[in-house]
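Worksheet for the structure shown next.
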């Protein structure tokens, strides 16, 4: 048998055909998808850890019910609906954990919280001799049913864990009782931030009215953006003094109701779009009783505020809290659309390097040219969708760094912003 296969160097001994199949160089211009929000909230039911729900799943509404304990359209989930008005994916964390689980002689609620008291177990004789139909009801809705001969055969589900040593007997409905919510403390917010740090998201929501907690979220956001390189914006209620492009301060209402919608909207807003003049399509009543002067001062003060347009609340200006402008951070950085563009560049370039180059491609001229091609292709795609303009490939340079393993990239982009002001002069003759 003659030689064959692939080759690395031309050192084969046997005659034969040695063929390598390689792909032609193809730059990757894939833009990472936006639409993921993270938020902590008080709830009557659910896991005591971060859990994720996607509106793109066919089982979306069922996922909401089993993880929050209420149907998607229940009044207690108004904030969740506001978040998903614009977001695709939500990373949630339940505050105030440590409560008691409801239970009865047959089962224990899967999660702690008062919602577990709405569960009941119904046991009826099965069609076959010596069998039982065991059903779990949430309020008046059957959420699980099984036919077994003994409790040992019951399989735990999304709502209860069964007591396998229980003695089954017919019952028209035995409620679970004793479920309580945990007590919320500021430490719960720190636990949330510790847990959410390993997740990826575009916007983070702070639902607290406590200034200490607000400061905690602001410090976390600044550290993650500037030191860790994780690019997202944090939505906080009435916190304009943050003076940072990563913090968006929502002005409206006395309670932090609007945090949910703004968090979802910022997460879901495309990099070539702006929330300026975007209508509020959520469910909370929005206080929009502001004068023209108050609205002007809100913009000058770095406040994300809604105002009245007809009978509907609209976003006045898609801005963040940055107000201390410098040579390195001009007033352009106060625009959330600009920040989305820059965050997209940072996130995608880091992902590109980590997946295609880190530990894979040699740091020689050919390798650096390949990286240059991929970066240029990405920026051209951003220009195509009108997120940046006047891009010049010659502004991108990729050179070897101070060490053999390092590369240094220089880039220059001009983000596009949506029109927000019209100045027109009409000459009348």
Completion exercise
Only unsatisfied item for residue 354, checking (1) under 24 Å from residue 417 (Cα atoms); (2) part of a helix (DSSP H, G or I), is (1)
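Kindly indicate which of 263, 321, 276 is modelled with pLDDT of 95 or more and in a helix (DSSP H, G or I). If you could, list the steps in order and put the result at the bottom.
Values: 321 fails: in a helix (DSSP H, G or I); 276 fails: in a helix (DSSP H, G or I).
Answer to the check: 263.
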Handout entry: Which numbered condition residue 120 misses (of (1) over 19 Å from residue 177 (Cβ atoms); (2) modelled with pLDDT of 95 or more)
Key = (1)
Exercise for the section: Take residue 306 and decide whether it is over 16 Å from residue 251 (Cα atoms) and either surrounded by 13 or more Cβ atoms within 10 Å (Cβ to Cβ) or touching a helix residue (DSSP H, G or I) at 6+ places or on another chain (Cβ under 7 Å) (or both). Expected result: no
Handout entry: Index of the failed condition, residue 409 passing every other in (1) in contact with a strand residue (DSSP E or B) (Cβ under 7 Å, 6 or more places away or on another chain); (2) in a helix (DSSP H, G or I)
Key = (2)
Exercise for the section: Give the residues of the stretch 364-409 that are surrounded by fewer than 19 Cβ atoms within 10 Å (Cβ to Cβ), closer than 23 Å to residue 271 by Cα and touching a residue at least 24 places away in the same chain (Cβ under 8 Å), sorted by residue number. Expected result: 372, 373, 377, 380, 381, 385, 386, 389, 390, 409
Fill in the blank from the handout: Taking the stretch 364-398 and the residues there that are outside any helix (DSSP H, G or I) and out of contact with any helix residue (DSSP H, G or I) (no Cβ under 7 Å at 6 or more places or on another chain), the one that is farthest from residue 337 (Cα to Cα) would be 364
Fill in the blank from the handout: Considering residues that are assigned to a loop (DSSP other than H, G, I, E, B), at pLDDT 90 or above and touching a helix residue (DSSP H, G or I) at 6+ places or on another chain (Cβ under 6 Å), the number found within the stretch 412-425 is 1
Handout entry: Residue check for residue 199: assigned to a loop (DSSP other than H, G, I, E, B), at pLDDT 95 or above and under 25 Å from residue 99 (Cβ atoms)
Key = yes
Practice task
Might you check whether a residue that is closer than 22 Å to residue 201 by Cβ and in contact with a strand residue (DSSP E or B) (Cβ under 7 Å, 6 or more places away or on another chain) occurs anywhere in the stretch 353-363?
Solution key: no
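The values are calculated or read from the model by the stated rules, or taken from the named source; none is laboratory data. Remember, predicted model here, so these are calculated numbers, not experimental data. With ideal geometry, Cβ positions are generated from the backbone for all residues, glycine too; neighbour counts draw on all protein chains shown.
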